[in-house]
1. Going by what's in this entry, would G2 be described as surrounded by 15 or more Cβ atoms within 10 Å (Cβ to Cβ) and not basic (K, R)?
2. Keeping to region 2-20, report how many residues are β-branched (V, I, T) and over 12 Å from the mean Cα position of the chain (by Cα).
3. Does G14 fit the bill of being in contact (Cβ under 8 Å) with a residue 24 or more places away in the chain and in contact with a Ser or Thr (Cβ under 7 Å, 6 or more places away or on another chain)?
4. Considering only residues of region 31-55 that are within 24 Å of R18 (Cβ to Cβ) and small (G, A, S), which is surrounded by the fewest Cβ atoms within 10 Å (Cβ to Cβ)?
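Just so you know, all these numbers are worked out from the coordinates, no wet-lab data involved. Note that this is a predicted model, so its numbers are computed, not measured. Cβ coordinates were reconstructed from backbone atoms using ideal geometry, including for glycine residues, and neighbour counts include every protein chain displayed.
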Amino acid sequence: MGIIGTIFIGLIVGLIARFLKPGDDGMGWIMTILLGIGGAIAATYGGQALGIYQAGQGAGFIGAVIGAVVLLILYGAIKKG
């Protein structure tokens, strides 16, 4: 997948994660895209560590959304503190 596809999927995943986690996050489009991309990366490596995914296999869409929600919760905790 090219860089444009990665950015698009990151945006979709980030928007879904922000929709699922209630509250005002106060972040823009760039941060939402980075959140989605980070969620996919976190889900891929976390899934490999848990034995869910094999090396070279990307996380599924649901895994990426879960990873993005976790990152969003961490982002909110760090921003408050």
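1. Values: surrounded by 15 or more Cβ atoms within 10 Å (Cβ to Cβ): no; not basic (K, R): yes.
It is false that G2 is surrounded by 15 or more Cβ atoms within 10 Å (Cβ to Cβ) and not basic (K, R).
2. In the first step, residues of region 2-20 are kept if they are β-branched (V, I, T); the result is 3-4, 6-7, 9, 12-13, 16.
Going one step further and asking which of them are over 12 Å from the mean Cα position of the chain (by Cα), we end up with 3-4.
Of the residues in that region, 2 qualify.
3. Details: in contact (Cβ under 8 Å) with a residue 24 or more places away in the chain: yes; in contact with a Ser or Thr (Cβ under 7 Å, 6 or more places away or on another chain): yes.
Here the answer is yes, as G14 does meet what is asked.
4. G46
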